[in-house]
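Reading through the structure tokens given below for one structure.
The values are calculated or read from the model by the stated rules, or taken from the named source; none is laboratory data. Computed from a predicted structure; not experimentally measured. Positions of Cβ are backbone-derived with ideal geometry, glycine not excepted, and every protein chain shown enters the neighbour counts. All accessible areas refer to the heavy atoms of the entire protein, side chains included, with ligands and DNA or RNA removed. Shrake-Rupley method; radii C 1.70, N 1.55, O 1.52, S 1.80 Å.
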Amino acid sequence: MSRIRPLDMSRKQYQQMADTLCILTKRFNRHEVQCLMKVFNTLAGTFPERRVGVGLDRNTFRNVLHNTFGMTDDMIMDRVFRAFDKDNDSYVSMREWIEGLSIFLRGTLDEKIKFCFEVFDLNGDGFISREEMFHMLKSSLIKQPTEEDPDEGVKDLVEIALKKMDYDHDNKVSYTDFEKAVKDENLLLEAFGPCLPDTKSALAFEEHAFKKSKDE
Amino acid sequence: MGIALTRAAQWTAAGIGVGKLEFTPLNVSLLNSIIKFVEYVSSKHPQEAALVFREPLEWTSKLEISAFGSDYQISGKTVVSKENMDGNPLLLFEASTGVIKVSTFNQLAKLLEITPKEKLKETQACLEANRDPIAKMLGPSFATVEGEDKSMLHLLEKVKKGDQDPQAEIQMKLFLLLQQLDMQLLNTTLQKISQEVRLNPQAVKSDVQLLQSFSGEGDKTVLKSINYTSEYEFSNGCRAPPWRQVYGDICYLIINTHDTDTLYVTCSTAGVFLNGGLMKDSEDIIYDRNGDIYKDLITFLKEKSLTFAENLTQVQQNFALQKKSPSSRKAQRAEVPINEELDQSEKFTDYQDKNKLEKKKTSSKPKTRDTKKEEQSYVKKNLESSHQLFSKDDKTQMKDQDPDKIKQDKGTDETVATGKYRCKAPQEKKHLSQRASRASGISEELSESSTESEEEQEDMDRQQESNTDLPSEYWQIQKVVKYLKGGNQTATVIALCSMRDFNLASETCQLAIRDVGGLEVLINLLDTEETKCKIGSLKILKEISKNPQIQRCLADLGGLQIMVKILDSSNKDLKCLAAETIANIARFRRARQTVRLHGGIQRLVGLLDCVPMLSANLSAEQEKDIEVARCGALALWSCSKSKKNKDAIRKAGGIPLLACLLKSPHENMLIPVVGTLQECASEPSYRLAIRTENMVTDLVRNLNSESQELQMHCARAIFKCAEDEETRNLVRTHNGLAPLVKLFSKSDNKELLAAATGAVWKCAISRENVDRFKHLRIIETLINLLVGQPEEVLINVVGALGQCARDHVIRAIIRRSGGIDPLVNLLTGTNHALLVNVTKAVGECAVDAENMSIIESLDGVRLLWSLLKKPNPDIQASAAWALCPCIENAKEAGEMVRSFVGGLELIVNLLKSDNIEVLASVCAALAKIAMDEENLAVITDHGVVPMLSSLTYTRDDKLRQHLADAVACCCKWGNNRVAFGETGAVAPLVHYLKSKNPLVHRATAEALHQLSFDPKNCITMHENGVVKLLLNLMDSTDEALQEAAAGCISNIRRLALANEKARYK
């Protein structure tokens, strides 16, 4: 049992934490919270030298996103990390991990909208601007060598997206805009890049995490 | 200027570094503009002009040392400029080798100043030696690279990095200047290139054809004649011998004008010119050029022949032959048809060719456009050099700077798209590919004047394009589809969402998506792993598949197979959308077959399986399941229009699932479910299932629904199922009759009305139901519906009346409510089904004598009788049946029948029919007719006896009954009894007695009784063992039968007695 308590916590503290987190997130039952905590500890324990007792650093977390949830876009993965890392200390703590996953795996549409908006709002000013969209969509079109201006397509795409989502015509997408657009058309939730796990990998993760610990 | 130099300028050889600039007007003008630019820069932009090049421009000059003036230090064989930078001279000339090195624009300008005469040559030499001068001036990162231009970005980075570096800013300015020059150069080049259009075989051919149609002996013709020297045309369109084709010759013409000698003309790709004429003693041509080259035939002839020019102008007043300016193209086209009318020349029908010709003349245009586009992108790049890529100012600035060009660009783009829009689908594909190839060929087109074949292709291309007003959606959609094709998941989803914002219900958009190849892309998306793309694609397909053309296209592209596969997906949204789309597409047979053959029916039936819907609170997931089931039902509904699919649904176990869904409280679920059932109820197996699975209850319940559509489908289902007696009874016991009748009030919904009246009709086949209907007082309502309703309703209303009229009370009601009048009127109709029902109804009514008198007064019998002439056997039979009660109940029936000229012959001849029902009905009618002696005599004359006899071998009981009846009635005239015996009717009749049908027995006994008055018949009967059979029948309860049987036996017995008596005498 000591293997799964690398965070210098007493067993009691550990249990307490599980309880608090369980109450906090509501979406996971106690068993599931414990399983996720175990996963967290395993991950954090993989690189003991990097662990300063605070949690997963950016690289570890990105590895999780990449390997488990099949994300590929570096920028988006960074942003997902930032969205998980609520206190901006460059580490995802246990609490942030559980809370993040609750949205990731079982979030309601509203929560997901909020999460995605946070991811897409690169500079965190509360708006997704043209530049941000351009940045995120930059590599979304196959570059054709014949094309006069390789960026023209992307710019056009940005305009299309803006036309679709910018309800108040201020040339940027506010949270209200985004929410409205997604409610209107769910497909737009991950409009600027995949930042949530797809159903398959989410299921696989849950199965893996919850079942493994059941066996133990 | 990099682009202009590499592409526009005409180099002698392609090799880098060794090429020479050809001395062509185009190049000269290029050089001149460059010289002007150099001078302009040094005078207007001193800062930029002073910028030291990264590497000096170096070339071999032909200048003399003496040419250099006071600004230079001359020391021996080298000349050095006084101006220098960090000790290095900005100009260095070594007279021994002739090599000159220049490092600033200032020096360049000065150099040009001191050599006013050698300007051109020096510039040329300089450019030849420095193929990419910009790279030398600003560094290798600014080298002109084919395809993309990153130089701007490099510069930008530099500026960003080194804000303090004033050099960079100057560099950038210089670069911008150079870019502007580049553009200027391209522009001028284009103007030049576009003037040089070469002839091709098509153009010449159409020219000649055109001229031929305006040639002849008359004064007003433009030419006397114009002919080819050779009739043989090679596959490439040329008529010149191959060894001359290599020189560019296309064909040779012999032209007789009104005012000159015969002209021998060569048309070559270079132009049109006079040749040496025919060689003496042979048909060969002296190919040498003998005069100037003209750009085309018309110009040539105008120059050569005055009359041609004059007459041409006259013709032009009607017909714009002038083809110089492309802008006149549209106008010309509009005038053509008018002119065709004015000018009666029959030959002039090759409108197509003419178009081609016109297009030829303007074929330089697309090239212009493409280049312009390229230029525009340069403009943009220039302007976007500032840091904010997207700031609005940038855009406006761009517009300010070059509004014309942008407009032009848009304009040409639009015409292209317009043309394409008009194309039919197969052409479309070809066209698209051509366009693609053209797009990829932009760079080549710029660097060299396009080759012959390229032009031809473009020509064909253009031909398909014609001007129409194009909906703006078209090219917007085209753009979106482009992103669908070339985007990753994210871009695809955005494009899909944007596409959904178009009005997908409009045919314009639907067809536009098809025409730009969007359907293929959308279907391809379904085959990917990306759920979102699939959902988005299906959402669009679901909408546009409401269009029949799209449905066919999708089926042709194999969309159904993929959608059927998607039905297996675990995502419920996907399943729903796929099923709904299938529901839309499966509106035609082939599609339904495809669905079945790919296992779609089983999968769709599988979708129906969901939780019992009556449970009160459902989770979101369960709601989804129900939605899936609903979509599955929708698809099955579409599919169930094919018989094989109905079987497949049944075999896949669909019936119990449908029965389960039928309990649903939701209309949107019930409509497809009942729709499917209703569609399938044409199969007896389904009718049985509907009865046994107790679905009648639900059908009846839903008759009270709010939704008229649902009511209609329920009524239709009942209509079809009520063919079975048990179902009819079930409808009654479930109190379904009253709601059916209630539906009559919705007389504005004709479909519903037709369904409801149909259900009533079928239900009224049961007498108990008729009684119920009597209580519900439907007769008056039905009679009201006899007027002003569409045929579908009328058929059912009349059918219902016909069934109800079997009740004598109802017959009286019909009479009192004035129903007979409209019924008889309907006898003049043409609809077969309606006529069958009307005749039946009239026949039923005629059973009452009072009704009959009304029918008679309306001349209804004559109308019925004339219906016997209809070729449709159903109508014939029904009319003949209806005639029976009419003849029976009419006063003076015999007189009435005789009054129909040719009527009796007509009805007797119907005995030649091979339809049992017709025969039976005619026999029945004949039996009634034969009641009147005179009429009997007439039909005997028409040969009724042998015809009836020939029918006696039938095995059909109904026909046997009426046939025996007819025989019995016909016996009463003349020697018909003997005739029946002679034609062999007796023996088969005896065998009728072995039938199990008592009605047959009675009729047969009567017939035998009549026949037995003839002794010979008695012998035949006896031989066939009639006595025993009759004796058996005599204990029947049917008195008529008893009497007839007894009579027959007594006749036989009497004959036997008489025989014995005779023997013992």
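General remarks:
- Taking the protein heavy atoms of the stretch A:62-216 in the context of the full set of protein chains, the accessible area attributed to carbon and sulfur is 49 percent at 1.4 Å.
- Contact-buried residues of the stretch A:116-136, at a threshold of 30 Å² lost accessible area versus the chain by itself: A:130, A:131, A:134 (1.4 Å probe; DNA, RNA and ligands ignored).
- Computed from protein heavy atoms with a 1.4 Å probe, the total accessible area buried between B and A is close to 2900 Å².
- Each residue of the stretch A:126-138 was assigned a 3J(HN,Hα) from its phi angle through the Karplus expression (A = 6.51, B = -1.76, C = 1.60, θ = phi - 60°), giving x, 9, 9, 8, 3, 4, 5, 4, 4, 4, 7, 8, 3 Hz with x at Gly and Pro.
- Peptide B:484-490 shows a mean partner chain C-beta count of 6 within 10 Å per residue C-beta.
- Using a simple spin-label model with pseudo-atoms 7 Å out from Cα toward Cβ, residue A:183 and residue B:954 lie 7.6 nm apart.
- Applying a threshold of 31 Å to the alpha-carbon distances of B:644/B:742; A:26/B:663; A:172/B:532 flags B:644/B:742; A:26/B:663 as lying beyond it.
- Summed residue charge, Cβ within 12 Å of residue A:116's Cβ, Lys/Arg positive, Asp/Glu negative: -3
- For the stretch B:927-1065, lysine pairs with C-alpha atoms less than 27 angstrom apart, excluding pairs fewer than eight positions apart on the same chain, total 19.
- The residues of the stretch B:916-1065 expose, per residue, 48 Å² of accessible area to a 1.4 Å probe.
- Links that overshoot a 32 Å alpha carbon limit, given the list B:119/B:304; B:546/B:762; B:774/B:870; A:163/B:542; A:211/B:575: B:119/B:304; B:546/B:762; B:774/B:870
- Gain in span if fully extended, residue B:828 to residue B:651, counting 0.36 nm per residue against the direct Cα distance: 59.1 nm
- Nearest-10 value in Å² for the accessible area of residue B:313, using the 1.4 Å probe: 70 Å²
- Here the stretch B:940-1006 is treated with +1 on each Lys and Arg Cβ and -1 on each Asp and Glu Cβ, and its dipole about the Cα centre works out to around 260 debye.
- Difference of contour (0.36 nm per residue) and Cα-Cα distance, residue B:303 to residue B:1063: 260.6 nm
- Efficiency of FRET from Cβ geometry, residue B:569 and residue A:208, R₀ 30 Å, rounded to 0.05: 0.85
- Shielded residues, the stretch B:491-529 - accessible-area loss of 40 Å² or more between chain alone and all protein chains, probe 1.4 Å: B:494, B:497
- Accessible surface, the stretch B:544-669, averaged per residue in Å² (probe 1.4 Å): 42 Å²
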